[in-house]
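Report on the following structure.
The values are calculated or read from the model by the stated rules, or taken from the named source; none is laboratory data. This is a predicted model, so every value here is computed, not measured. Here the Cβ positions follow ideal geometry from the backbone for every residue, glycine too, while neighbour counts run over all protein chains shown. Only protein heavy atoms, including side chains, enter the accessible area calculation; ligands, DNA and RNA are left aside. Shrake-Rupley method; radii C 1.70, N 1.55, O 1.52, S 1.80 Å.
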Amino acid sequence: MNGPDPSVDRRAVLQILGALGFGAATAADLAAQARPVVSPGTLQQAATLLDGSFDAARLGVAERAVQRNQEHMAAMRELVLDDAVEPAPIFAPSR
Amino acid sequence: MPVAADVLFLPAREQGALIRARKLSPVELTDAYLARIEALNPRTNAFITVTADVARRQAAAAEREIVRGRYRGPLHGIPYAPKDILATKGILTTNGSKVTATVVPDYESTITARLAEAGAILAGKLNLLEFAMGSGVVSGFGPSRNPWDLARTPSGSSSGSGTALAAAMVPLSIGTDTGGSIRGPANFCGIVGLKQTYGRVSRYGVTTLAWSLDHAGPMTRTVADAALMLQVIAGHDPSDPTTTADVVPDYSQALTGDVRGLRIGVPTRFLTEGLAPEIDRAYRAALAVVRGLGATLVDVDVPHAEYATNAGWVIAMAEAAAFHEQRLRTSPELFDPIVRERLDAARFYAATDYIKAQRVRTLLMQEMQTVFTQCDVMAVPGGNALPSPLESPSDAGTDVKLGSTASRFRGGTTFLGNMTGLPALVLPCGFSAGPPALPIGLQLYGRAFDESTLFRVGHAYEQATDWHRRRPPLSP
């Protein structure tokens, strides 16, 4: 619990790799590999917080899928949005 | 008198004209479709339920009414089949899932109720990917198959609708579209699919995938038929508070064949990248046809289009996981493995991811507003690949295929429509060289509630080409 934070700032990794002469695609691939890996332990803890209904088999499947989701979401998480951009309005109080 | 096979391939609009003129019997037309369904369904698996008795009863009633001079309109006496995710009172509604395999609703979806009121004949309920998000292979009722090559997928999730229309098992269908599930099968099966503006058609009685992205709309063999169907199903519904009270225009007025003066937007990046060569050629050729008809092509840009699918996926899966929370707890073993995997994984999204995705949605809406100051319709490919072979059950069970890697952006041209709520129409614009020759589609995006302009462009293109007249190599 008290070990070093495994998270890596992706932009910093890309900058370093770029400075070392790696192309953008290669740098992106390497940066992806540097992203934290979802472990069975972390997922088990998170599942407990949800409601604890996952058995071991489901948790194993979810572990791979959550890892994949992390990779898919990386680009969106890195996207910097202007503070003025609000979530899309899907609640219409007049109704 | 037996109905000739050619009549089954006619557009519903032409069938309706024959019925109105008493040159075609609704009973005989319905019997002919039922016979074709019986002959082809073992190979195509398009139908989960065939409602032959209901159809024959409705057809007989339609015939009696028409003979007595009580003609209800252009869908009177025309068979159709909705995706089996629309509730039909007293008729099995499975959602393509073992979880709900025996559910018989005691209520009717607004769409099927409106079609019944218009005199359309319910021929059955069509196969789909489980809960509109499964594999289509391991789902509860097995895969539908693409009539252009039975070893290939018709895409999904409205898979049975795409299959049934291409194979002329029905002339009309209703699909649903949360990220492209009407437009994908239209693209892969060489038919027409419309995802109209969010709020134009009621979703009451349509099983939810994701509340803020779900649409249910027409799937047909021609653009004019899509206009006919939308005319019947569109409009405010007190049972669906997202529906607008705006007046529904007369869509038939848009079928002029004239696109002179219209500006067609062509995205300069993202939505037109990564295309299979044959798709790129067909897309460029379609643009040339539209230009030849008198429209002007203009470059447009949707700067954050590459985020649409990733952000849309987060919203769709998060909302779906919330919708299915109780079923996942009580009967997880009944779900298609890939549905369970997706929903389980979605429970680990952070709330901030969902909100970020909704902020991306705002950007996309703003960018599309800008696009439509520069053009009247934006044209993009229906998809970026040809129909692929059906997956093996082991591959179909997971998104994390052995040896696969995640791409930073998922691509695709359809999620943009669900994220913005804007209408989008897919229609055939070519075929691969083959063999097998496989359909290629063109997708037209329009302004909010401006389905008319999509019909105008799509119909004009259709009149200038004959892709929609081709028939798959499939006979009873």
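Please give the helices (runs of 4 or more DSSP H) falling wholly within region B:7-93 in which 1 or more residues are open to solvent by less than 30 Å² (accessible area, probe 1.4 Å), charged (D, E, K, R) and at negative phi.
Answer list for region B:7-93: B:26-44.
Is there a residue in region B:137-145 that is open to solvent by 10 Å² or more (accessible area, probe 1.4 Å), closer than 29 Å to B:HIS468 by Cα and β-branched (Val, Ile, Thr)?
yes
When only residues in region B:189-237 that are among the aromatic types (Phe, Trp, Tyr) and touching a strand residue (DSSP E or B) at 6+ places or on another chain (Cβ under 7 Å) count, which is most open to solvent (accessible area, probe 1.4 Å)?
B:TYR204
From B:THR453, B:THR413, B:THR420, B:THR398, which residue is of a type in the set (Val, Ile, Thr), over 18 Å from the mean Cα position of the chain (by Cα), within 29 Å of B:GLY134 (Cα to Cα) and surrounded by 18 or more Cβ atoms within 10 Å (Cβ to Cβ)? I'd like the intermediate steps shown before the answer.
Numbers: B:THR453 fails: within 29 Å of B:GLY134 (Cα to Cα); B:THR413 fails: over 18 Å from the mean Cα position of the chain (by Cα); B:THR420 fails: over 18 Å from the mean Cα position of the chain (by Cα).
The unique qualifying residue is B:THR398.
Take the residues in region B:249-268 that are under 22 Å from B:ASP225 (Cβ atoms) and open to solvent by 40 Å² or more (accessible area, probe 1.4 Å), then tell me which one is farthest from the chain's Cα centre (by Cα).
Across region B:249-268, the extreme among qualifying residues is B:ASP258.
Return yes when B:PHE131 is of a type in the set (Phe, Trp, Tyr), crowded, with 24+ Cβ neighbours inside 10 Å and in contact (Cβ under 8 Å) with a residue 60 or more places away in the chain and no when it is not. Spell out the reasoning first.
Working: of a type in the set (Phe, Trp, Tyr): yes; crowded, with 24+ Cβ neighbours inside 10 Å: yes; in contact (Cβ under 8 Å) with a residue 60 or more places away in the chain: yes.
Judged against the criteria, B:PHE131 is a match.
Among the residues of region B:238-247, write down those that are open to solvent by 10 Å² or more (accessible area, probe 1.4 Å) and in contact (Cβ under 8 Å) with a residue 24 or more places away in the chain.
Once the filter is applied, which keeps residues that are open to solvent by 10 Å² or more (accessible area, probe 1.4 Å) and in contact (Cβ under 8 Å) with a residue 24 or more places away in the chain, region B:238-247 yields B:SER239, B:THR242, B:THR244, B:ASP246.
Select from region B:100-121 the residues that are surrounded by 23 or more Cβ atoms within 10 Å (Cβ to Cβ) and over 18 Å from the mean Cα position of the chain (by Cα) and list them in ascending order. Step through it out loud before you land on a result.
Step one: list which residues in region B:100-121 are surrounded by 23 or more Cβ atoms within 10 Å (Cβ to Cβ), which gives B:109-112, B:115, B:119-121.
The answer is B:GLY119, B:ALA120, B:ILE121.
Please find, within region B:357-378, the residue that is nearest to A:VAL85 (Cα to Cα) out of those that are open to solvent by 40 Å² or more (accessible area, probe 1.4 Å) and not polar (S, T, N, Q).
Our first condition is that a residue be open to solvent by 40 Å² or more (accessible area, probe 1.4 Å); within region B:357-378, this holds for B:359, B:365-366, B:369-370, B:373-374.
This time we only want the ones that are not polar (S, T, N, Q), so: B:359, B:365.
Details: B:ARG359: 6, B:MET365: 11 Å.
Among them, the one singled out is B:ARG359.
Would you mind telling me which numbered condition in (1) of a type outside the set (Val, Ile, Thr); (2) modelled with pLDDT under 95; (3) part of a helix (DSSP H, G or I) B:LEU115 fails?
(2)
Here's a check for you: in region A:53-66, which residue that is open to solvent by 30 Å² or more (accessible area, probe 1.4 Å) and either facing chain B (nearest Cβ under 8 Å) or aliphatic (A, V, I, L, M) (or both) is farthest from B:ALA396 (Cα to Cα)? Step through it out loud before you land on a result.
So in region A:53-66, the residues open to solvent by 30 Å² or more (accessible area, probe 1.4 Å) come out as A:53, A:55-57, A:61, A:63-64.
Of the ones still in play, those that are also either facing chain B (nearest Cβ under 8 Å) or aliphatic (A, V, I, L, M) (or both) are A:53, A:56-57, A:61, A:64.
Details: A:SER53: 24, A:ALA56: 21, A:ALA57: 18, A:VAL61: 14, A:ARG64: 15 Å.
So the residue we want is A:SER53.
For B:THR352, indicate whether it is closer than 20 Å to A:LEU43 by Cβ and without any contact (Cβ under 8 Å) to a residue 40 or more places away in the chain.
For B:THR352, the condition - closer than 20 Å to A:LEU43 by Cβ and without any contact (Cβ under 8 Å) to a residue 40 or more places away in the chain - is met.
Restricting to region B:392-447, give me the number of residues that are assigned to a strand (DSSP E or B) and either modelled with pLDDT under 95 or in contact with a Phe, Trp or Tyr (Cβ under 9 Å, 6 or more places away or on another chain) (or both).
Total satisfying the criteria: 14.
Hey, could you check region B:329-366 for residues that are in a loop (DSSP other than H, G, I, E, B) and among the aromatic types (Phe, Trp, Tyr) and say which is farthest from the other protein chains (Cβ to nearest Cβ)?
Taking region B:329-366 first, the residues in a loop (DSSP other than H, G, I, E, B) are B:331, B:335-336, B:347-350.
Add one more test, that the residue is among the aromatic types (Phe, Trp, Tyr), and what stays is B:335, B:348-349.
Working: B:PHE335: 10, B:PHE348: 5, B:TYR349: 7 Å.
Taking the candidates together, the pick is B:PHE335.
Which of the residues spanning region B:215-237 are within 14 Å of chain A (Cβ to nearest Cβ) and free of Cβ contacts under 8 Å to residues at least 40 places away in the same chain?
Correct list: B:HIS236 only.
Can you name the residue in region B:456-476 that is open to solvent by less than 40 Å² (accessible area, probe 1.4 Å) and of a type in the set (A, V, I, L, M, F, W, C) and is also nearest to B:GLY217 (Cα to Cα) among such residues? Outline the logic, then answer.
First, the residues of region B:456-476 that are open to solvent by less than 40 Å² (accessible area, probe 1.4 Å): B:457-462, B:465, B:468, B:472, B:474.
Now drop any that are not of a type in the set (A, V, I, L, M, F, W, C), which leaves B:457, B:460, B:474.
Details: B:VAL457: 18, B:ALA460: 21, B:LEU474: 26 Å.
This residue is B:VAL457.
To keep it simple, each residue is scored yes or no on (1) farther than 30 Å from B:GLY140 by Cβ; (2) more than 22 Å from the chain's Cα centre (by Cα).
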{"residue": "B:THR244", "(1), (2)": "yes, no"}
{"residue": "B:PHE270", "(1), (2)": "yes, yes"}
{"residue": "B:ALA288", "(1), (2)": "yes, yes"}
{"residue": "B:LEU293", "(1), (2)": "yes, yes"}
{"residue": "B:HIS304", "(1), (2)": "yes, yes"}
{"residue": "B:ALA320", "(1), (2)": "no, no"}
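Here is a list: B:TYR445, B:TYR354. Which entry is open to solvent by 50 Å² or more (accessible area, probe 1.4 Å) and among the aromatic types (Phe, Trp, Tyr)? So that I can check it myself, show each step before the final result.
Details: B:TYR445 fails: open to solvent by 50 Å² or more (accessible area, probe 1.4 Å).
None of the other options fit; the residue is B:TYR354.
Against the condition on the phi > 0 side of the Ramachandran plot and modelled with pLDDT under 95, how does B:GLY136 come out, does it pass?
Yes: the conditions hold for B:GLY136.
Any residue that is outside any helix (DSSP H, G or I), aliphatic (A, V, I, L, M) and out of contact with any Pro (no Cβ under 6 Å at 6 or more places or on another chain) - is there at least one of those in region B:367-375?
no
Go through region B:273-314 and report how many residues are open to solvent by less than 10 Å² (accessible area, probe 1.4 Å), farther than 22 Å from B:ALA385 by Cβ and within 14 Å of another protein chain (Cβ to nearest Cβ).
Count: 1.
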